[in-house]
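What follows is a single structure, written as structure tokens, with notes after it.
Laboratory data are not the source of any read-out in this text; all were calculated from the coordinates shown. Because the structure is a prediction, the values reported are computed rather than measured. All Cβ positions, even for glycine, are placed from backbone atoms using ideal geometry, and neighbour counts span all protein chains on display.
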Amino acid sequence: MHYYFYLFLSMVVLVTACSANDDDHTPQDKVRNSPINKILTSVKPQRFLSLTTLSSVMSQTRVRKNVSPLLRECEKHFAANRLTSGKGGTAFACYKKVLENDPTNAAALAGLKKIEDRYVVWIKRTLDRGQQNQAKRYLASLNKVNPKSPTTLAELEAWLQSPRSTPNSQVSWARHTVTPGQILRDRLPDGNFGPEMVWVPAGRFRMGEILGGGNDDKQPVHWVSVDGFAMGRYEVTFAEYDHFAEVTDRKKPADNGWERGNHPVIHVSWEDATAYTEWLTQQTGRHYRLPTEAEWEYAARAGTRTHYWWGNKMGTRRANCAGSGSTWSNQKTAPVGSFAPNPFDLYDTAGNVWEWTCSRHEKTYRGAERGCAKKEDSGERQLRGGSWFFHPELCRNAIRNWAPRDSVYNNVGFRVVAVSVGPTQ
């Protein structure tokens, strides 16, 4: 419509110029000075550009309308796990078709990433179960979706084993993005602080006596995948636990006549430790708990494959175990953080005090190590890490111990994890 209007005006200009009787001006002057031409020359070029832009926008809108039904179909395929194979179409082929029509469609690009992530989850799950052939089939499908992904199980194993930054490893802690190794701490309503926490990245590791030997309780050696979580940088101290006891009107635990303050709390049962994590959850709005046995070993190893995170021999003055050469060895607890941290920046994962986990005790690995026992479960609970009173051989990463949930000892304490950060609803 605009085109015909301007064409009409142009014709009027030419007719007006040709019919003019002013002999003192050239035909060009007559056209230039005509009233109609002044109207035309006052029109800004942007008007014509905006028409082009409008046409482009209308075209993009038509594309979006065209792919919307297709995107809904893609989501149905994905929900039914028809990722790259299946009757009636697949999510992968569907999202690719959307991108053929709209190469920058954000929903389709996100859909392809979701397919890739789901295959990674399936591969980890099947490898954990020892289903190598099924893992290979999933890996082939993953390569179809993302040709840049690992092409062999060996490459994938290396990739999954290494602690890595994944979408699960970068989360919001009090509205700030946190990354692996970052130190975090919650302020409590009364102005005090909760335990110092370190973000442990997601990864995969071999759990158990991976160097061979050992008792049956550390068998079978098996793969475990772990999501990212925040873990106490130190064992919970007397200062931290005493504050909890004071505000909740609980009896403070005995200290054996040793120092309190920044020494790890002792004489606390699994029930006491669990009560402390529940109080932290109530105070902060985050989900605090004890670590599972698998989380504990993954964090203690910190990507290493040796008896201790620093190597296969204890050495001297590296930890507080009996006969390890420290000032406190075979005598009492050491102040937390008295020795070097492991690669995840966690202190005292070898020795000082045994640490409660939330996992139920099993004589061999049968799956309980991956989760927390129900609160009403009266069974024994797993302890990890060794203590000041135990020989270095019993302070190794793979060593397991257990005790009744209501028992207390002068060489048992705990540390906490936060598994869902950000305020709970």
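Please tell me which of these pairs span more than 22 angstrom C-alpha to C-alpha: 332/375; 76/136; 97/144? Over 22 Å Cα-Cα: 332/375; 76/136.
Using R0 = 35 Å, the C-beta based FRET efficiency linking residue 227 and residue 99 works out to 0.70.
For residue 179 and residue 215, FRET efficiency with R0 = 51 Å and r from the beta-carbon atoms, rounded to 0.05?
With R0 = 51 Å, the Cβ-Cβ based efficiency is 0.85.
With a Förster radius of 41 Å applied to the C-beta separation of residue 271 and residue 305, the computed FRET efficiency comes to 0.75.
Here the average projected area of the convex hull drawn through the C-alpha atoms of segment 169-420 stands at 12.3 nm².
The modelled label-to-label distance for the pair residue 249/residue 190, using points 7 Å beyond Cα in the direction of Cβ, is 1.3 nm. Here residue 148 is the anchor, and the aspartates and glutamates within straight C-alpha reach of less than 14 Å, apart from those fewer than 8 places off in the same chain, are 116, 117.
Taking a point 7 Å out from the Cα of residue 317 in the direction of its Cβ, the residues of segment 324-342 whose backbone N falls within less than 12 Å of it are 325-328, 339-340.
Projected onto their three principal axes, the Cα atoms of segment 300-425 cover extents of 44, 32, 27 Å, largest first.
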